[in-house]
1. Are any residues in segment 201-217 part of a loop (DSSP other than H, G, I, E, B) and hydroxyl-bearing (Ser, Thr, Tyr), and if so, which ones?
2. State the number of residues belonging to segment 207-228 that are touching a helix residue (DSSP H, G or I) at 6+ places or on another chain (Cβ under 8 Å), buried (at least 23 other Cβ atoms within 10 Å of the Cβ) and not aliphatic (A, V, I, L, M).
3. Kindly check whether there is at least one residue in segment 254-269 that is of a type in the set (A, V, I, L, M), out of contact with any helix residue (DSSP H, G or I) (no Cβ under 9 Å at 6 or more places or on another chain) and modelled with pLDDT of 90 or more.
4. Pick out the one residue from ILE39, ILE89 that is at pLDDT below 85 and hydrophobic (A, V, I, L, M, F, W, C).
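The values are calculated or read from the model by the stated rules, or taken from the named source; none is laboratory data. Computed from a predicted model, the values in this text were never measured in an experiment. When we count neighbours, we look across all protein chains shown, and the Cβ atoms used for this are built from the backbone with ideal geometry, even at glycine.
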Amino acid sequence: MKQNVSSRSSSFKKHLSWIRDLDRNASAPSSLSSDVGAIGRFQWYSGSFDYDTLAKINQSNVVECVIEDTLFKLQEKVQQGPPSWVSTIRSAVSSYQLLSYLGLDRIDQRSGLDGLFHFPSSSGAGVNVYVIDTGINIEHTDFVGRASYGPSFIGNESDPTDTNGHGTFVAGVCCGECWKWAILSVAHRFPFRLHQPIGTNYGVAKKANVISVKALNSDGSGRLSNVLAALSWVVEQHTTSGNTSKTVVNLSLGAEYSEVTNNAIEQAIEQGIHFTIACNRKRRRRRVPVLARVRFHSDDGGGHQSRRLDRIVLKHGVLRRH
């Protein structure tokens, strides 16, 4: 919809009523979905229509454009140099993780690797990370009670649990933390037991809240309308919770480039939400990362960096606003 047409306005309601009248007179059955949403100045709805109806909708003076309900797919699980046991040393002021694997080691400085992951003692405490994906196994021990369910936006999968595994994997990269008791020794001679747990930590924000928002099915695919509905819900949670400066959305999914999708995300960014977005690792020209051109986000993927604000490429997304 055009930006001057609110989803609550009389113009928008008249438009939907007009579509229903067109549908009744259409030669082939179609349907206007209940998915009607707004993200800032971005207004949208979805449905299934015949070509004649689509042509008439496209000519409406309140419609900005009509696009296909694009298929989104999860980004592949890729792990290079999987970590072994990782030790963590914490202090009252700051923390760092020894023997950190490449992803964590790469994101805490602009150049070089030092085998450490430096992070503040707050470590994302009070931040809500919404993972729009296949769902999350919130009972996983890596989340130590910090994970919760949002709704499922897959019509035939109302269960918000993760039956694919990708969403749980992504949430672990964002916010995972697993604690173990450890026995250390000095020169292999003097073993002693610590009175505080030492953790094997795989996540970036180790104390953040992580919320499952299911927009991809058990096969790891979903439609643009699913993703937009999920994003609309996240924006609503952000704007009504009072936590207006501490919301992060992770999108480890991809599709063909769409200006509509990017407009929706940019409107969410204007609401104060930070996005961490997957980059296409296969670098196929036909699979241009749908979100790669969004301004002011961090990009998960690649191995290089760019300091331009509209394209920040890191090994893993950094949970901060730019």
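1. The one that is part of a loop (DSSP other than H, G, I, E, B) and hydroxyl-bearing (Ser, Thr, Tyr): TYR202.
2. Total satisfying the criteria: 2.
3. yes
4. When all the criteria are applied, what remains is ILE89.
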